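Engineer: Have a look at the structure that comes next, please.
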Amino acid sequence: MVDPDSTARHRRVGVVIPARNEAARIGQVLAGIASRVEDLPVLSLVVDDGSSDRTDEVAREHGARVITHAINLGKGAAMKTGCTAALAAGCDVLVLMDADGQHRASDLPAIVAPILSGKADLVLGVRRFTKEMPATARLGNWGLTRLFRLMFGASFGDTQCGLRAFTSEAYAHVDWLAIDYAVETEMLVRAARAHLRTVEVDIETIYHDAYKGTTPLDGLRILAQMVRWRLSR
């Protein structure tokens with residue numbers, strides 16, 4: 001049960017969805033997002049990152065506010081564009097969510113609840129590394145998650161999951177420079193160093209496309225970035 005006084009301190013939830021060529025799924029994702037979460041209004045904000053299909057049109061048809069990158073700038077860049085716009089629109093609880101259907105909109109109340117109750121600055125979705133996750137992704141996520149603990153002394157169950165929420169104040173601490181798939185890891189490096197209160201929430205492991213998302217090459221790039229971040233301290 002969320003403390004009403006705690007909820008009242010917040011004004012609006014912004015759900016930021018970076019998307020590239022997701023016309024086939026973005027509508028279903030947006031259709032599942034309620035207009036209110038825990039009595040707070042919700043803004044669905046899609047950043048179309050240089051799509052060549054109808055991603056932007058479908059998103060608008062489903063009531064989202066859409067910002068379009070004329071060219072593909074990368075997931076991290078799209079997330080930053082969306083968060084900046086959400087803050088300007090008066091959102092002080094920000095949720096990051098993928099556009100490909102890997103995250104269920106029905107998990108949003110559980111993701112924002114620890115923030116609204118005052119128990120967390122940052123909330124992370126955690127998937128189970130089961131057979132529902134493609135083998136290469138399972139191995140890569142497992143390895144990066146454990147290397148993160150060894151390198152930065154902080155333990156998170158799933159460093160690569162894109163479903164996460166944070167307050168506008170926490171955003172100032174986790175605000176990232178990465179424009180690619182290293183963005184999720186960089187956020188956690190910054191969160192660990194800022195000693196943000198972090199809560200993890202179990203979510204279902206959903207993969208519709210084995211070939212999409214972080215590739216083995218992306219994983220190596222993330223590892224290289226992790227080494228740089230470790231040495232920069």
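No value in this document is a laboratory result; all are computed from the given coordinates. These numbers come from a predicted model, not from an experiment. Virtual Cβ from ideal backbone geometry, glycine too; neighbours counted across all protein chains shown.
Engineer: Assign one of three labels to the range 61-164, namely rounded, prolate or oblate, based on the Cα gyration tensor with a ≥ b ≥ c the square roots of its eigenvalues; rounded applies when a/c is under 1.5, prolate when it is not and a/b is larger than b/c, and oblate otherwise.
Structural biologist: Working: a/c = 1.70, a/b = 1.36, b/c = 1.25.
Taking the square roots of the gyration eigenvalues as a ≥ b ≥ c, the range 61-164 is prolate.
Engineer: Take the alpha carbon gyration tensor of the range 134-204, find the square roots of its eigenvalues, order them as a ≥ b ≥ c, and report rounded if a/c is under 1.5; if not, report prolate when a/b exceeds b/c, else oblate. Could you put the intermediate results ahead of the total?
Structural biologist: On the way: a/c = 1.56, a/b = 1.51, b/c = 1.03.
Judged from the Cα gyration tensor, the range 134-204 comes out prolate (a/c at least 1.5, a/b above b/c).
Engineer: Show me, for the range 55-64, the HN-Hα J-couplings you get by feeding each phi into the Karplus relation (A = 6.51, B = -1.76, C = 1.60, θ = phi - 60°), rounded to Hz, glycine and proline as x.
Structural biologist: Once θ is set to phi - 60°, the couplings for the range 55-64 become 3, 5, 5, 5, 4, 5, 4, 9, x, 7 Hz.
Engineer: Quick check on the range 4-232: of the DSSP beta bridges with both residues there, what percent are antiparallel, nearest 5%? Walk me through the intermediate numbers first.
Structural biologist: Details: 9 of 30 bridges.
Beta bridges within the range 4-232, antiparallel portion: roughly 30 percent.
Engineer: Tell me, what HN-Hα J-couplings in whole Hz come from the Karplus equation 6.51 cos²θ - 1.76 cosθ + 1.60 at θ = phi - 60° for each residue of the range 188-200, using x for Gly and Pro?
Structural biologist: 6, 4, 5, 5, 5, 6, 8, 6, 5, 6, 10, 10, 10
Engineer: What share of all Cα pairs of the range 9-119, in percent, falls into each consecutive 5 Å distance bin?
Structural biologist: That works out to 2, 14, 25, 25, 19, 9, 4, 1, 0, in percent per bin.
Engineer: Using alpha-carbon pairs under 8 Å, 6+ residues apart, how would you state the relative contact order of the chain in percent? Please list the in-between numbers first.
Structural biologist: Working: 454 pairs, mean separation 51.2, N = 233.
Reported as a whole number, the value is 22 percent.
Engineer: Hey, can you grab everything whose amide H is under 5 Å from the amide H of Gln160? Only 5+ residues off in sequence or another chain; H modelled, so Pro and N-termini drop out.
Structural biologist: Close amide H contacts, sequence-distant or interchain: none at all.
Engineer: Now a separate question. Tell me which residues come under 5 Å, amide H to amide H, from Leu43 once H is placed; ignore anything under 5 positions away on its chain.
Structural biologist: HN-HN under 5 Å from Leu43: Val13, Gly14, Val15.
Engineer: Between Arg228 and Arg149, what length in nm is gained on full extension when 0.36 nm per residue of separation is reduced by their alpha carbon distance? List each step's numbers first, then the result.
Structural biologist: Numbers: separation 79, 0.36 × 79 = 28.44 nm, distance 1.53 nm.
Full-extension gain reported as 26.9 nm.
Engineer: Also, quick follow-up: Length gain on complete extension for the stretch Lys119 to Arg11, per 0.36 nm per residue less the alpha carbon to alpha carbon distance? Walk me through the intermediate numbers first.
Structural biologist: Values: separation 108, 0.36 × 108 = 38.88 nm, distance 1.73 nm.
Net length gain for the segment: 37.1 nm.
Engineer: What is the extension gain from Leu87 to Arg197, computed as 0.36 nm multiplied by their sequence separation minus the C-alpha to C-alpha distance, in nm to one decimal? Don't jump to the answer; show the numbers that get you there.
Structural biologist: Numbers: separation 110, 0.36 × 110 = 39.60 nm, distance 2.07 nm.
Between Leu87 and Arg197, full extension yields an extra 37.5 nm.
Engineer: Short version: ³J(HN,Hα) in whole Hz for each residue of the range 72-84, in order, from phi by Karplus 6.51 cos²θ - 1.76 cosθ + 1.60 (θ = phi - 60°), x for Gly and Pro, what are they?
Structural biologist: So the J values, rounded to whole Hz, are 6, 9, x, 4, x, 5, 5, 5, 5, 4, x, 5, 4.
Engineer: On to the next question. Of the peptides 151-162, 74-85, 195-206, how do they stack up when ordered by the mean number of other Cβ atoms within 10 Å, highest first? Please list the in-between numbers first.
Structural biologist: Working: 151-162: 18.5, 74-85: 21.3, 195-206: 16.4.
Packing order, densest peptide first, comes out as 74-85, 151-162, 195-206.
Engineer: What's the whole-number percent of alpha carbon pairs in the chain lying beyond 25 angstrom?
Structural biologist: Numbers: 9915 of 27028 pairs.
Result for the distance tail: 37 percent.
Engineer: Might you report the magnitude of the Cβ-based charge dipole of the range 4-232 about its Cα centre, with Lys and Arg at +1 and Asp and Glu at -1, to the nearest 20 debye? Please list the in-between numbers first.
Structural biologist: Working: 27 positive and 27 negative charges, 125 e Å.
In debye, rounded to 20, the range 4-232 gives about 600.
Engineer: Amide H neighbours of Val126 under 5 Å, counting only residues 5+ apart in sequence or on other chains, H built in-plane at 1.01 Å?
Structural biologist: Val201, Asp202, Ile203
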